[in-house]
Each structure stands twice: as structure tokens, then as C-alpha cells.
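Asks: Here you go, one structure.
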Amino acid sequence: MGLPTLLERRLVIVTGKGGVGKSTVTAALALLAARSGKRVLVCEVNAQERIAPLLGAPAAGHATRQARPGISTVNVTPPDAMREYGLMVLRFRTIYEAVFENRVVKYFLRVVPSLAELVMLGKILHEARTEERGRPRWDLVLVDAPATGHAVQLLRVPSALLDTVPGGPLRHDAEWMEAMLVDPAQTAIALVTLPEEMPVNEAIELDGQIREVLGMPRAALFVNAMPDARFTPEEAALLAPLAAAAPPLGPAAQAGRLQALRAEQAGRYLARARAALDLPTCVLPLLPIAEWGPAAVEEIAAAIAAAPPGSLA
Ligand SMILES: Nc1ncnc2c1ncn2[C@@H]1O[C@H](COP(=O)(O)OP(=O)(O)OP(=O)(O)O)[C@@H](O)[C@H]1O
Ligand SMILES: [Mg+2]
């Protein structure tokens, strides 16, 4: 699958281990989608807001704000989602009242143990399916999802509800939410990992849960922060005896050896991720940028555009 196919979905959910580059990849995908003429909403999930700053815009707070032409951002939090989505769509007024009356609280919490996840996911999916004047409000809703386990917890809520709630409005909402999540024409998950042992292990485990627990369509793997293979094996072998030389040659040769080792290891973890995940894969470079921000996101977007998922053998 190429990039256009990924971004043709109405809902693209980006997840992976903490710190692997989820927000960066999400922001870069938003740029590429907006440049192809799409109206994009990027949702962060109860997060320390990252996307607007990564796009060069001031933090948006909890409101839906335009960060750039064609890209709006929103940080979805439980209280806001509860108010906006809950009262509007899930008919939570009764539930609110029930909670405040404290009569069915126990029952309700048993049925909906993940209320925060439910309202946040509900708000996001509602944005993704809302039509205005005969066209979708957003061409693409990109979700900068929480890390691994929290993402599964979030995305599992509708199917968990379907297992426990026999009928009524809650079940009805869980039904359309679940239908949207598992529909490959509408939805895709993009996994992000680093070419390192723990992130790759976690990505493989997460992928298993997406297939077996969530039953959701996975569409792409982004292997982020790949070091350059700067030295051939022959060159790397030449560096070893130089490492004992006087400065600056010795330390430089030692740094070169470490870089060569790191690149070689990264290559093995990339191969492992590719073999285990069997997904269209896009490799993104390790960038020597100290101030991570819009310039870095531009470079990552350029790398994705140059090597869209699926184009790399
Ligand atoms: N390609 C890259 N090259 C160099 N550094 C990178 C690269 N991608 C990400 N980073 C570094 O990793 C940091 C984390 O990236 P990012 O915020 O996108 O990750 P995340 O997965 O969203 O993290 P979190 O789980 O905390 O939300 C960045 O601030 C940057 O310093
Ligand atoms: Mg992030």
C-alpha cells in the first residue's frame, strides 16, 4: 500500500511505544495530506499537546483550532469529550443524572468501566463520520494515539461494550463505533517503531493485539530514526585498528565504529520488524536536529513522501 491509499482512509490511528516518534509521524502525515488538498483534523488523546507546536502553531488548548491551512488540531480530554460528545450523541444526560443521583452508579461503572476512553473515542469517531452540507466535515481524521497498551484500551472500548451491554443507546453507539473501527475502507492503524530491540518487540506485541483483540485494519509501519549505514563493512573493519591512535583520529575512529555498530544493529531490528509484521514499511532517517520542531517534521514529511510505505522493498 502506498501513501495515498493510507491517507484515503477517513480515520488513521498512529500508535507505538512511548517516545518512538508517533507525534512526529502524525504531524508529518497531516502535512502531506493537507498538501494533497485534504481537510485534516489531528486529534491528540488527553496528551501534553505536541501537534500544533510541531506544525509551527501556538498550542491550541482544548479547542479545535486551525494550525495551518487545511490542518486543525484538537486535544481530546475526558471532560470536554463528555460534554461535547457525551451530551450530544451518547445521550449521557440520563447517565449524568444517574451518576449524580448515585442510584445506578455501580451498575453503570460495571457496564462502562472505561468511561473516559468511551467518550474520547466517541468524540473522535464522531468527528470522522460527521457530514456537513453533503460532504465529510474532515477528509481525514488523524489520531496521535496513546502508546501501546493505552491505545489498545482506548480502541477496545466499543467491542467490550458490545460484550456486556445487551441493548439500548449505549449498545447502538458501540455498534457504529466498532463498525467504523474494523472497516478497512474507512480506518487504518499505522505503527511507529524505532529500529531498536524494545520498541520492535513492543510493536510486534501490539500488532498481535491489533489483529487478535481489536480486529482492526493495520496499514503501515514507520521505522523511525534509522541511522545511516555510513560505512561499508570493509571500512568499519579498517576503523578498529585506528581507534587506538592519538586524538583526534583515535576518538573519531572510535565514534565511527560505534556508529557503524549502531547502524548494523538497527538494520537487524528493521529486518526483524519487517519479517514479523509483514506491513508496508517506511524507513525514516535519524536526524541530527537538537531543537525538535516544524523543521524536523518537514524533513520527516519529505522522507515519507520520497519513500511512501510499500515502495521500499
Ligand atoms: N527521526 C528522528 N531523528 C531524531 N530524533 C527523533 C526522530 N524522531 C523523533 N525524535 C526525537 O524523539 C522525540 C520524541 O518524538 P515524538 O514526540 O514524535 O514521539 P512520541 O512517540 O509522540 O512520544 P510520546 O510517546 O511521548 O508521545 C522528539 O522530540 C525528538 O527529539
Ligand atoms: Mg507523542
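Asks: Counting Lys and Arg as +1 and Asp and Glu as -1, each charge on the Cβ, what is the dipole of the chain about the Cα centre in debye, to the nearest 20?
Replies: Around 580 debye, computed over the chain.
Asks: For a quick check of understanding: with a 1.4 angstrom probe and all protein chains in place, what accessible area in square angstrom does TRP292 have, to the nearest ten?
Replies: Roll a 1.4 Å probe over it and TRP292 shows about 90 Å².
Asks: To the nearest 10 Å², what's GLU298's accessible area with a 1.4 Å probe?
Replies: 60
Asks: How are the alpha carbon pair distances in the chain distributed across 10 Å bins from zero to the largest one, expressed in percent?
Replies: Cα pair-distance distribution for the chain, in percent: 6, 25, 31, 20, 10, 5, 2, 1.
Asks: Give me the net charge for the shell around PRO158: Cβ to Cβ below 15 angstrom, other residues only, Lys and Arg +1, Asp and Glu -1. Each step should come with its number before you reach the end.
Replies: Details: positive: LYS123, ARG129, ARG156, ARG171; negative: GLU117, ASP163, ASP173, GLU175, GLU178, ASP183.
After counting each charged neighbour, the total is -2.
Asks: Compute the orientation-averaged projected area for region 256-310 from the convex hull of its Cα atoms and round it to one decimal in nm².
Replies: Here the figure is 4.6 nm², rounded to one decimal.
Asks: Oh, and also: Measuring with a 1.4 Å probe in the full set of protein chains, what accessible area per residue, in whole Å², belongs to region 185-313?
Replies: On the way: 6430 Å² over 129 residues.
Dividing the accessible area of region 185-313 by its residue count gives 50 Å².
Asks: Tell me the mean residue ellipticity at 222 nm calculated for the chain from its helices only (DSSP H runs of n ≥ 4, each -39500 (n - 2.57), averaged over every residue, nearest 500).
Replies: One gets -15500 deg cm²/dmol as the mean residue ellipticity at 222 nm.
Asks: How long is the gain from LEU258 to ARG39 if the chain were fully straight, where each residue apart is worth 0.36 nm and the alpha carbon distance is subtracted?
Replies: 74.4 nm
Asks: Still on this structure, I have one more. Explain nothing, just compute: Karplus ³J(HN,Hα) = 6.51 cos²θ - 1.76 cosθ + 1.60, θ = phi - 60°, for every residue of region 193-208 in order, whole Hz, x for Gly and Pro.
Replies: 9, 9, x, 9, 4, 5, x, 5, 4, 5, 5, 5, 5, 4, 4, x
Asks: Using a 1.4 angstrom probe on heavy atoms only, work out the carbon and sulfur share of the accessible area of the chain in %.
Replies: Exposed carbon and sulfur together represent 57 percent of the surface.
Asks: So if R0 is 22 Å, what FRET efficiency would ILE204 and ALA307 give, r being the distance between their Cβ atoms, rounded to the nearest 0.05?
Replies: It comes to 0.50.
Asks: Taking the Cα centroid of region 140-165 and of region 170-248, what is the distance between the two, rounded to the nearest whole Å?
Replies: 19
Asks: Ranked highest first by the average count of other Cβ atoms within 10 Å around their residues, in what order do 260-266, 232-238 fall?
Replies: 260-266, 232-238
Asks: Now for a different question. Any idea which of ALA307, THR232, ALA27 is furthest toward the positive side of the dipole for the chain, if Lys and Arg beta-carbons carry +1 and Asp and Glu beta-carbons -1?
Replies: Positive-most Cα among the choices belongs to ALA27.
Asks: With axes computed from alpha carbons, what is the tilt in degrees of helix 148-164 against the longest principal axis of the chain, rounded to the nearest 10 within 0 to 90?
Replies: That works out to roughly 30 degrees.
The values are calculated or read from the model by the stated rules, or taken from the named source; none is laboratory data. Predicted, not measured: the structure shown is a model, and the values here were computed from it. Cβ atoms come from the backbone with ideal geometry, glycine included; neighbour counts cover every protein chain shown. In case anyone asks, the SASA skips ligands and DNA or RNA and just uses the protein heavy atoms, side chains included. Shrake-Rupley method; radii C 1.70, N 1.55, O 1.52, S 1.80 Å.
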